[in-house]
Every structure is written in structure tokens, then in C-alpha cells.
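Please treat every number below as a calculation from the coordinates, not as lab data. Just so it is clear, the structure is predicted and the values come from calculations on it, not from any experiment. For neighbour counting, all protein chains shown are included, and Cβ atoms are generated from backbone atoms with ideal geometry for every residue, glycine included.
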Amino acid sequence: MHWLTLRFSDQTLERAFAEASLARVARQGKIAVWMGILVYLVHGFVLDLVLPAPQVTGLWSMRLTAMLVPVLMLLLHPTQWFAKHCHMGLSMVGFAAGWGLIAMQTMVHDDYASAFYPLIVEVAFYTYNFVGVRFVYALGVDLSLLVLYNVVFGIWHPYPVTELVGHDFFLFSANLIGGTAGYLAERQKRLLFLQREELARAELRLREGEAERARVLERTRILRDMHDGVGAHISSAIRQLQSPAFHTAEVLATLRDSLDQLKLSIDAMHLEPGDITTLLANLRYRMEPRLRAMHLELFWDVGMLPHLDYLSVDSMRQLQFLLLEVLSNVMQHSHATTLRVVAHVRTGADACTSDGVCLMLVDNGHGFDTGNPFKKGLAAVQERARAIHAQLTINSKVGETSVEVYLPMALPVA
């Protein structure tokens, strides 16, 4: 940032600052122009009361001529020209006001000079601090007016030296005080802009880092699924093939499980968090052909289910593979001929203990003794249920085995 002009050395940053401040400059400038016109007019009406009549007409001609510049700026305010040259245009409003006052001051007797130069002092503050232009533009305008004032009233229309020095003292003081305030205000605006830009860049880096971490976690999850699911099934198939007493059907079932898990892993990448309805639809799409091939009749009783906001992407994946594990157990071990899948929102008459979503898989297979320790498959089902805060209920007898997964509408507040 240049020490005097306060301009950023980086042109891209300078353009960004100009674009960010344009709305403020346009709004502030428009208000300042209207206020300047009002003060200029009121000043003229007041002078009408104290000046001799012959001088009034000439003063109004000069005053209205000077006011052409602010009127022109108001007309250009909505245009692209103003957006591009707003600082130059608004600074010309201040210069026109000062030039008009100096011209009018030359048209009156020296006794009435005090009616004009204080307003020139106000023009300095107006340009530095009110109209909204950059400091360097205001500095150029007010120093030009100071020089013009001394040329006019020191050479062309000379005042007594003591009187001119008195006027210069106030004009110089206005430039010093107003200029310092304008300089510090713009410098502070630019420093705040730099801080906001740095904060925005830091937030962008943070979002990019979070996105990269999410991609890494997703890749890690996919690899873990492939290792734990597909890899484990393929390892099992290899062990089965290496066994002297292997059965082709068992190996084929293991490989099919592996393929199903791979397909569902891909489906899980596109699942919306909490959308159980879509999860179940994907599961049916992937598994129904295999169930049909095994002559296992599927009864599907699933309607639209509410979103459960607390189910994250990982929780949805856990629920998907929990259900897949249950289906695999039915296909491989139950010797069932029918499978009923039911999903509904709990009502007061249901078996669940509180409001939530109940998923139930019921088959008519041989059943098993739930009192015995669960084998690896059902133990994995229990582990996945705990991971997603689901309540798992397994009941089995000859001719009917049911696995019920209850998901509360919301997690209890800790």
C-alpha cells in the first residue's frame, strides 16, 4: 500500500477493493451531492437578505453555473461511467463548489468576504470526509483550491496581507485536519478490507482442506469396505476352494455376496444422509434378482419413511450392510421359501418402545436358538446396530425368524 495515495501495489487487490467499496461510495456520494446542493442554495438565499440587490443577480448566475457539476453527477449516477469514474466525478463536485465560491467572492466588496471563505473551509471538510472520494482525489482538489485562492486574492484581486494570511490559516487548518481524518479513515478501510480478504482466503483454505479430508475419508471408507467386505469374501472363497471338501454352491454364494457388497458400496456413495426409503429401494434392486434365483419369494411392505437427520453417510453405510448381512444369513442358512420386508413408522400399537422407524425382516426358515452365542455374521449385525444407535431385536423359532431394527426419530439429548 502506497504511503501517500494508499493504493495497493497489487492491481487485482486494488480492483477488488474498488468493486467492494463502489456501493458505499455511490450511496454516500449521492447523499453528499444532495446535501451540498441544499447548503449551496441556502447560502444563496441568506446572502440575498444582506447583499445589495445589483450583486445578487450576478452571484446567482455564478452559483447556478457551479451547480451544473453536481447536477450532472446526479444524472450520471446510475450509469457505467459513474461506476468507473465515481471518485473523479465526486471530487469535481467539491472543486466546482470551491471554484464557484472563489468566483463569487471576487464579485462582492471585501467587506462581504467573510460570507464566502468560511464556506470554502467547509468545502475542504466536505471533500475529505463527506462526499466519499479517495483521499488522493480530495487532496488534489483541496490543495488546488488553496493555491487558486492565493493566486486570486494574492495577485489578481489582492487582499491585505494580514487578511489573506488569516484566511490561509483557516484553509490550511481545514486541509490539515480534514485531510488527516480522511487519510486515516481510508487507510483503516483498506486495512479492514485486507483483513476480510485474508479471512476469506483462510476460510477458503479451510473449506478446501475439509473437502480434501472428506475425499480422503471417503477413499479410506471405500478401501475399508473393499477390504472388510469384498476382500474378506474373496479370502473366504479362496479358503473354500483350497479345502478338499469344497462345494461349488458355497463358493458361488460367497462370490455373489462379495459382488453384492461391492455394488452396495457404490450405491452407498450416492445415498443422501437419513434417506432410509432410498436405501431400502437400492437394497431391493440389488438383491431381488438373487432372491428370485434362489426361489425365495419376497414380500415387500415399505412405504415412504421420514428422514432421520442424525444418520450420517457413515451411519447409512452401516445400516445398509447390517441389512445385507441379515439377507445373506437368510439366503445361506435359513432354508426359507419366503422373506417379508416391512418398514414403517411406529404408532402407539407397535412393539417399539418409542416413536421411530421400524425395519423388520421375517423369513419362514428353520430358525435357530437365540440363546446360543451369535456367530460372526449376527455378531457383526449387533455391532453395526450399536454404531448407529439402533435397537436390534432377534426372535427365532421353527418356521419364523424375525430381525427387527428400530431407529428412533432423534437421538436423546445427552
ask   = Which distance in Å, rounded to a whole number, links the C-alpha centroids of the range 81-105 and the range 264-303?
value = 74 Å
query = Quick one: helix 161-225 against the long Cα principal axis of the chain, what's the angle to the nearest 10°, folded into 0 to 90?
reply = 10 degrees
query = Taking K and R as +1 and D and E as -1, what net charge do the other residues with C-beta under 11 Å from the C-beta of Leu327 add up to?
reply = -2
ask   = Computed FRET efficiency, Cβ-Cβ of Leu22 and Asn150, R0 22 Å: what is it to the nearest 0.05?
value = 0.05
query = Any idea what the alpha-carbon Rg over 2.2 N^0.38 Å comes to for the range 60-147?
reply = 1.12
request  = Evaluate the relative contact order of the chain (contact order divided by residue number), counting alpha-carbon pairs under 8 angstrom at least 6 apart; express in whole percent.
outcome  = 9 percent
task = Could you rank the peptides 92-101, 303-312 by their average count of other C-beta atoms within 10 Å per residue, with the highest value first?
result = 92-101, 303-312
ask   = Against the longest principal axis of the chain, how steep is helix 232-242, in degrees 0 to 90 to the nearest 10, with axes from Cα atoms?
value = 30 degrees
request  = Grab the DSSP H runs of the chain that are 4 residues or longer, score each as -39,500 (n - 2.57), total them, divide by all residues and round the 222 nm result to the nearest 500 deg cm²/dmol.
outcome  = -22000 deg cm²/dmol
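If you take the Cα Rg of the chain and divide it by 2.2 N^0.38 Å, with N the number of residues, what do you get?
Normalised Rg, Cα atoms only: 1.92.
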inquiry  = Quick one: 3J(HN,Hα) in Hz for the range 88-94, Karplus 6.51/-1.76/1.60 with θ = phi - 60°, rounded, Gly and Pro as x.
reply    = 5, x, 5, 5, 5, 4, x
query = HN-Hα J couplings of the range 273-283 from phi, Karplus 6.51/-1.76/1.60, θ = phi - 60°, integer Hz, Gly and Pro as x?
reply = x, x, 8, 6, 4, 5, 4, 5, 5, 4, 4
inquiry  = If I take R0 = 51 Å and measure r between the Cβ atoms of Gln242 and Glu203 in this structure, what FRET efficiency does the formula 1/(1 + (r/R0)^6) give, to the nearest 0.05?
reply    = 0.35
